[in-house]
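Some notes on the structure that comes next.
The values are calculated or read from the model by the stated rules, or taken from the named source; none is laboratory data. Only a predicted model underlies this, so the values are computations on that prediction, with no experimental measurement involved. For neighbour counting, all protein chains shown are included, and Cβ atoms are generated from backbone atoms with ideal geometry for every residue, glycine included. These accessible areas exclude ligands, DNA and RNA; they are computed on the full protein's heavy atoms, side chains included. Shrake-Rupley method; radii C 1.70, N 1.55, O 1.52, S 1.80 Å.
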Amino acid sequence: MTNVDLPEALREQIGEARSKWGWFVAIGVLLVLFGLYAFYNVLAATIASVLVVGAMMLIAGIAEIIHAFYMRTWSHFFWLLLSGVLYAVAGFFAFYNPVFTSAILTLMLAISLIASGGLRVVFALGQKAKTNWGWMLAAGIVTILAGLIIAIGWPVNSLWILGLFLAIDLTFQGWALIATGFALRK
């Protein structure tokens, strides 16, 4: 597709992004540096990620408690209040004991990976008649193996696994932004 085939609005957006290519690169470099620091200190990265999740849960819990008082029916009030209190308590515990919270989150991550990998395998086996179903099967098996590896090392690995995932994510996001910035520059 050439530049002529693009709609005018899309060409304007690309032009605007192209003029800011340096910001993409700068933010990408910053994310890579954060990712490298997270690789260097995965325990601190794990604690930081637990505290961010805890803050979000605490804020969500408080918001849901406030929302409960605006409900007109009592049945909804009690469900929203209970949900808000549970969220707020979970958020509080993330601040009170981030190491224990990291263990719970790591176990939930392992269970989620095993379950989603299993679903991918089932989906892939159901798609055998179609091309490239093997890639979905392979992805499901790798996801199951990752979940099992995390589950086997639990709870000891809960001190570093979340930080490792954060480090990997920051690094890849950074490199993606750097590549996007240089691609926009051309």
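Any idea which of L86, L107, L51, L125 is open to solvent by 50 Å² or more (accessible area, probe 1.4 Å), under 29 Å from G163 (Cβ atoms) and over 17 Å from the mean Cα position of the chain (by Cα)?
Of L86, L107, L51, L125, the one residue that is open to solvent by 50 Å² or more (accessible area, probe 1.4 Å), under 29 Å from G163 (Cβ atoms) and over 17 Å from the mean Cα position of the chain (by Cα) is L86.
Hey, could you check the stretch 90-103 for residues that are assigned to a helix (DSSP H, G or I) and without any contact (Cβ under 8 Å) to a residue 12 or more places away in the chain and say which is surrounded by the fewest Cβ atoms within 10 Å (Cβ to Cβ)?
Only one residue tops the list, namely Y96.
Test M71 against the criterion of being outside any helix (DSSP H, G or I) and open to solvent by 60 Å² or more (accessible area, probe 1.4 Å), and give yes or no.
Spelling it out, M71 is indeed outside any helix (DSSP H, G or I) and open to solvent by 60 Å² or more (accessible area, probe 1.4 Å).
Go through the stretch 141-186 residue by residue and tally those that are open to solvent by less than 40 Å² (accessible area, probe 1.4 Å), closer than 20 Å to A103 by Cα, of a type outside the set (A, V, I, L, M) and touching a residue at least 60 places away in the same chain (Cβ under 8 Å).
2
Quick one: would you say A17 is open to solvent by less than 40 Å² (accessible area, probe 1.4 Å), of a type in the set (G, A, S) and out of contact with any Ser or Thr (no Cβ under 8 Å at 6 or more places or on another chain)?
For A17, the condition - open to solvent by less than 40 Å² (accessible area, probe 1.4 Å), of a type in the set (G, A, S) and out of contact with any Ser or Thr (no Cβ under 8 Å at 6 or more places or on another chain) - is met.
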